[in-house]
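Accompanying notes for the structure given below.
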Amino acid sequence: MSETVILGVEALTGRAEAIFRKAGLSSRHAAALARVIVAGERDGCKSHGIYRIEGCLRTLKAGKVSPDAEPILHDDGSAVLRVAAGGAFSCTAFELGAPVLAERAKRLGLAALAINDCTHFSALWPEVEVLTGMGVAALAMCPSYSTVAPAGGSRPLLGTNPIAFGWPRPNQPPYVFDFATSVAARGEIELHRRAGRALPEGWALDAEGEATTDPEAALSGAMLPFGGHKGSAISTMIELLAGAMIGDMTSSEALDWLGTTALAPRHGELILAFSPERFAAGRPGDPFARAETLFEAIVGQGARLPSQRRFAAREKTMAHGIVLTAAEAGHLDRLEAQGLDAVS
Ligand code: NDP
Ligand code: PYC
């Protein structure tokens, strides 16, 4: 086998979708899942790319996610929208709620979408990008399952709890950041383990609470929050807003329910959308023009904007295809051929 295999975005999406359909997912869920996973590969975000297919299949096989529940939108006309995901993957629930959320934010200035009872394993930037594409600023967050020690602690309690923000920019890609509130996403630790690479210092503790650079020890120990007490507090806020407040599971409850971190976690998600025009109305200056001044000043110092690397990766893969290693391509072949039998 050659060292690498190159696939177009459409071809890889088709293959991922076929794997999910063969595993029993409805066409709607299979297509939405394939899109978000291939977007990760396309944008050079390996921690939420095709390696996640296996975890999705494991979760399906364990009966911990519905293959076909249809999301249901609950809209009482207020600023608070809900989508009940019915225990299925989150992507279709988001796709159903997003246009209504954007419309409501434009009408009221600010609106929120709570997604309940979903299995959520994906990056958040695909979601905030959809919303910026609809002309609103967006802030998305969700818990995960307990794998991160609070600052000053030594045992898993918080999740890797991602938070993402997007700001629409005229005639160019949006300003987007998206990160785990742990030093790195858990997916990064798993990728280090698979590659036999040591972790950078400061990412994790072992099961005895000692600092470790061994990915195995980190996976059975505790990850650390980014920025010490600051990341720990933001992560706690996410447990409160996107867990307790929306009546869904916190990371610790999600782990109790699932019983393992080998499967994708079930919990809720909170997405806020803002209309910059509505907030700025009657005040001096155009918010979008003022944002551009800020971005230019950042870049003017030689710094880069978040997502700049991702957008560059996207441009490259859209032109030249997605490069998979021989191991990744072989893994995909195996999942395609064996379906749920390929996973334990
Ligand atoms: P990274 O640390 O890789 O990146 C975080 C953000 O910072 C990105 O927007 C990135 O942009 C930006 N960035 C990185 N370096 C710089 C720089 N030098 N200057 C300016 N901006 C920079 O992300 P994480 O490992 O923390 O998270 C990876 C993904 O994991 C996220 O997409 C997150 O949603 C996902 N995740 C999902 C979870 C879930 O439960 N669903 C749980 C935890 C994480 P760029 O991409 O361009 O480098
Ligand atoms: O990478 O930390 C992570 C993660 C947890 C759940 C989905 N992704």
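Some notes on this structure:
- Taking segment 154-165 as the range and being touching a Leu at 6+ places or on another chain (Cβ under 6 Å) and open to solvent by less than 20 Å² (accessible area, probe 1.4 Å) as the test, only 164 passes.
- If the condition is being in contact (Cβ under 8 Å) with a residue 40 or more places away in the chain and farther than 29 Å from residue 40 by Cα, then segment 278-314 contributes 278, 279.
- Tally, over segment 238-276, of residues that are free of Cβ contacts under 8 Å to residues at least 60 places away in the same chain and either part of a helix (DSSP H, G or I) or among the acidic types (Asp, Glu) (or both): 5
- Scanning segment 218-237 for residues that are of a type in the set (A, V, I, L, M, F, W, C) and not in a helix (DSSP H, G or I), we see that the one that is farthest from residue 206 (Cα to Cα) is 226.
- Some residue of segment 307-319 being within 16 Å of ligand 2 (Cβ to nearest atom), within 30 Å of residue 18 (Cβ to Cβ) and open to solvent by 20 Å² or more (accessible area, probe 1.4 Å): no
- Evaluating residue 151 against the criteria (1) of a type outside the set (Phe, Trp, Tyr); (2) in a helix (DSSP H, G or I); (3) open to solvent by 20 Å² or more (accessible area, probe 1.4 Å) leaves one unmet condition, (2).
- Which listed residue, of 184, 195, 138, 114, is within 15 Å of ligand 1 (Cβ to nearest atom), under 29 Å from residue 259 (Cα atoms) and out of contact with any His (no Cβ under 8 Å at 6 or more places or on another chain): 184
- Which listed residue, of 82, 58, is closer than 30 Å to residue 192 by Cβ and either in contact with a Leu (Cβ under 9 Å, 6 or more places away or on another chain) or open to solvent by less than 40 Å² (accessible area, probe 1.4 Å) (or both): 58
The values are calculated or read from the model by the stated rules, or taken from the named source; none is laboratory data. No experiment lies behind these values; they were computed from the predicted model shown. Every residue, glycine among them, receives a Cβ derived from its backbone with ideal geometry; neighbour counts consider all protein chains shown. Side chains included, ligands, DNA and RNA excluded: accessible areas come from the protein's heavy atoms. Shrake-Rupley method; radii C 1.70, N 1.55, O 1.52, S 1.80 Å.
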